[in-house]
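**Student:** Take this structure first; my questions come after.
Just so it is clear, none of the values below were taken in a lab; they were calculated from the coordinates. Here the structure is a predicted model, which means the values were calculated and not measured. Please note: Cβ atoms are built from the backbone with ideal geometry, for glycine as well, and neighbour counts cover all protein chains shown.
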Amino acid sequence: MCGIISAVSCKDVTAMLIDGLSRLEYRGYDSCGIAIYGKKNLRRVRSMKRVSDLSKQIIENSLYGCIGLAHTRWATHGMPSTHNAHPHFSNLDSGKPRIALVHNGIIENYDELRVKLQKSGYAFESQTDTEVLVHLINYNYDGDIFRTVQKVTKLLTGTYAIAVFCTDEPYRIIGSCKGAPLVLGIGDNENFLASDVLAISGKANEVIYLDDGDIVDIQCNNFLILDSYNVPVNRKKYPKSSFMGVVELGAYRHYMQKEIFEQPRAVADTLQEVNALSEDIFGIESIEIFRDIDSVLIIACGTSYYAGMTAKYWIESIAKIRVSVEIASEYRYRDSVVNPKSLVLVISQSGETSDTLSALKHSISLGMNYNMAICNSPTSAIVRECKLCYITRAGIEIGVASTKAFTTQLSVLFLLSITLAKNRSILSKDNEITFLKALRHLPAALSSVLDLEPLVISWANHFANKENALFLGRGMHYPIALEGALKMKEISYIHAEAYPAGELKHGPLALVTDNMPVVVVAPKDILLEKLKSNMQEVQARGGKLYVFADADSKINDDSIHLIRMPENYGMLSPILHTIPLQLLAYHTACIRGTDVDKPRNLAKSVTVE
Ligand code: F6R
């Protein structure tokens with residue numbers, strides 16, 4: 001999704017802005033741009049290519065200066081094009097640019113604002129909602145850009161994080177945000193604004209995460225933040241150590257591969273404080289809340305939604321609490337039955353996903369006040385909105401396709417299931433010991449599964465020339481089949497569908513031919529015999545089976561491609577079975593030569609609806 005980095009410094013900022021933009025590339029974008037104020041001139045270069053192309057243009061155009069705004073755009077209003085790329089300018093009557101602006105989010109009332117501005121003589125060169133905003137600021141400019149931005153943001157409906165510069169006051173950048181993240185970075189004789197702390201890590205000594213409605217004025221050696229009531233505020237400063245993530249690729253070919261292999265450590269870090277099952281693992285307030293709830297409503301999108309689906313099996317089976325799982329973008333717009341005794345559990349890697357955040361706010365507006373986030377970003381909007389939270393410690397995830405975030409979410413969801421059971425006094429001591437032991441052993445178990453990579457690579461060669469694939473699972477492994485299919489379609493662009501295997505004969509069996517690889521997640525559990533019948537249904541139609549089975553499962557058929565998992569992991573088996581499916585998608589994509597870390601049309605944090 002869109003990314004912002006801007007800086008006011010006592011030295012040239014171009015190289016630093018380009019570096020910041022490259023760090024934002026992982027979020028996905030279709031165009032990019034940079035505006036620099038230097039030698040009393042505001043100039044910009046924009047590109048439909050990669051950030052590296054901007055670097056070339058900067059050199060060709062001798063662009064340098066101490067103030068700059070830069071942006072990566074992911075098209076919402078208007079096609080990807082150079083004209084629609086940010087920064088947007090609004091000019092003086094002489095044609096000289098006066099205001100420059102970069103924007104993340106969506107201005108919902110842009111149409112009516114555009115009509116008014118057109119009547120006042122403004123001509124538009126793009127189809128974006130952002131250009132409306134830059135002209136609106138120019139139109140309302142009263143000699144003080146801070147005051148003007150304060151006034152103009154009051155006229156907006158929608159979401160925004162903006163950085164604005166005015167040539168009449170060439171020593172400051174103004175930022176503001178609502179419903180989209182904006183971070184202030186404090187450096188030595190320089191200050192920054194960015195949409196993602198990663199863009200300024202290595203540059204800022206401290207950061208401040210701005211609140212909704214904040215407006216900030218950054219200058220070389222100082223800054224000022226006013227809240228939405230125009231009151232100066234001192235927001236908490238976070239030291240460098242809190243945001244310096246390890247982002248080097250090392251020996252890996254892609255970030256996705258690195259992140260797949262980081263899973264044992266990510267899960268260990270996430271569960272590091274869980275030595276015993278104390279009732280307040282999810283916060284002291286959780287003890288009362290968990291006692292009072294009569295159900296759980298899980299809300300999430302994409303991979304996080306599949307984590308929620310898996311949790312339904314665990315929570316209902318272990319804690320005996322009714323669970324419903326909703327796709328955030330559906331829940332927020334439908335009439336649902338309100339239950340104030342339900343725990344609203346939002347799952348999000350980024351904590352910024354617009355649909356999930358809006359669905360959470362919607363549940364609160366309906367009077368559902370027990371809420372909890374499972375999130376990988378401690379300072380995100382979703383975490384800030386929730387009463388309870390558990391932060392996964394997956395570390396930064398750069399690959400667009402989520403991997404380690406998913407398995408850490410699952411680990412926490414299992415922990416939640418046993419905590420809820422304990423809280424309701426339905427967890428036997430034996431089970432408590434067994435489950436905790438299994439959680440502690442999980443990182444080692446994940447490491448052994450990663451050793452299967454060479455076997456999975458040999459399968460990937462069979463998949464690489466296919467255009468369709470089916471994924472089957474049953475019970476708590478059905479969401480894992482869904483996740484495997486999602487990974488496959490996201491990064492290899494193979495059309496992959498997942499079904500609960502029992503559904504096969506109710507429709508999808510019609511798709512099975514000898515050209516259809518069928519992946520089966522087949523652990524040794526009470527559904528294995530049923531699953532074997534489903535596998536026979538596939539074989540009878542000529543379908544080719546690729547089965548992940550447990551070490552001691554009785555599956556002995558030479559016509560089946562079989563990979564045996566190192567150990568049977570009982571209730572936690574979905575977490576282990578995720579790994580070979582990630583590896584299968586990854587290696588298939590590598591053979592097909594796709595852009596694995598930045599698959600087409602996708603973005604890392606989906607901060608727009
Ligand atoms: C798939 C993927 C997405 C995200 C979804 C939600 O690999 O990454 O489906 O899971 O966009 O994102 P978060 O978890 O950040 O809310």
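**Student:** If one computes the Cα centroid of the range 22-65 and of the range 320-351, what distance in Å separates the two points?
**Tutor:** With the range 22-65 and the range 320-351 each reduced to a Cα centre, they are spaced 41 Å.
**Student:** Here's something else I'd like to know. Hey, which of these cross-link pairs are over 26 Å Cα-Cα: Lys116/Lys154; Lys240/Lys361; Lys154/Lys604; Lys116/Lys178; Lys258/Lys312; Lys11/Lys151?
**Tutor:** Values: Lys116/Lys154 16 Å; Lys240/Lys361 31 Å; Lys154/Lys604 29 Å; Lys116/Lys178 23 Å; Lys258/Lys312 29 Å; Lys11/Lys151 31 Å.
Going by Cα-Cα distance, Lys240/Lys361; Lys154/Lys604; Lys258/Lys312; Lys11/Lys151 fall outside the 26 Å limit.
**Student:** Something else: So if R0 is 56 Å, what FRET efficiency would Ile364 and Leu455 give, r being the distance between their Cβ atoms, rounded to the nearest 0.05? Spell out each step's value before the answer.
**Tutor:** Numbers: r = 47 Å, r/R0 = 0.85.
Efficiency for this residue pair is about 0.75.
**Student:** I've got another one for you. Pull up the DSSP beta bridges for the chain and report the antiparallel fraction as a percent, rounded to 5. Spell out each step's value before the answer.
**Tutor:** Working: 60 of 101 bridges.
Bridges in the chain are about 60 percent antiparallel.
**Student:** Quick one: grab the alpha carbon gyration tensor of the range 251-427, order the square roots of its eigenvalues as a ≥ b ≥ c, and give me rounded if a/c is under 1.5, else prolate or oblate depending on whether a/b is larger than b/c. The partial results should precede the final answer.
**Tutor:** Details: a/c = 1.88, a/b = 1.26, b/c = 1.49.
Cα axes put the range 251-427 in the oblate bin.
**Student:** Still on this structure: Can you order the peptides 124-135, 534-545 by their average number of other Cβ atoms within 10 Å per residue, highest first?
**Tutor:** Details: 124-135: 22.4, 534-545: 17.2.
Descending packing order for the listed peptides: 124-135, 534-545.
**Student:** Using only Cα atoms, find the angle between the long axis of helix 528-540 and the longest principal axis of the chain, and express it within 0 to 90 degrees, rounded to the nearest 10.
**Tutor:** Helix 528-540 and the main axis of the chain meet at about 80 degrees.
**Student:** Still on this model: Taking only Cα atoms, what is the 0 to 90° angle, nearest 10, from helix 14-24's long axis to the longest principal axis of the chain?
**Tutor:** 30
**Student:** Something else now. Specify the angular offset, from 0 to 90 degrees and rounded to the nearest 10, of the alpha carbon long axis of helix 110-119 from the longest principal axis of the alpha carbons in the chain.
**Tutor:** Approximately 20 degrees, to the nearest ten.
**Student:** Please list, in order along the range 197-203, the HN-Hα scalar couplings obtained from phi with the Karplus expression 6.51 cos²θ - 1.76 cosθ + 1.60 (θ = phi - 60°), rounded to whole Hz, x for Gly and Pro.
**Tutor:** Once θ is set to phi - 60°, the couplings for the range 197-203 become 4, 4, 5, 10, 5, x, 10 Hz.
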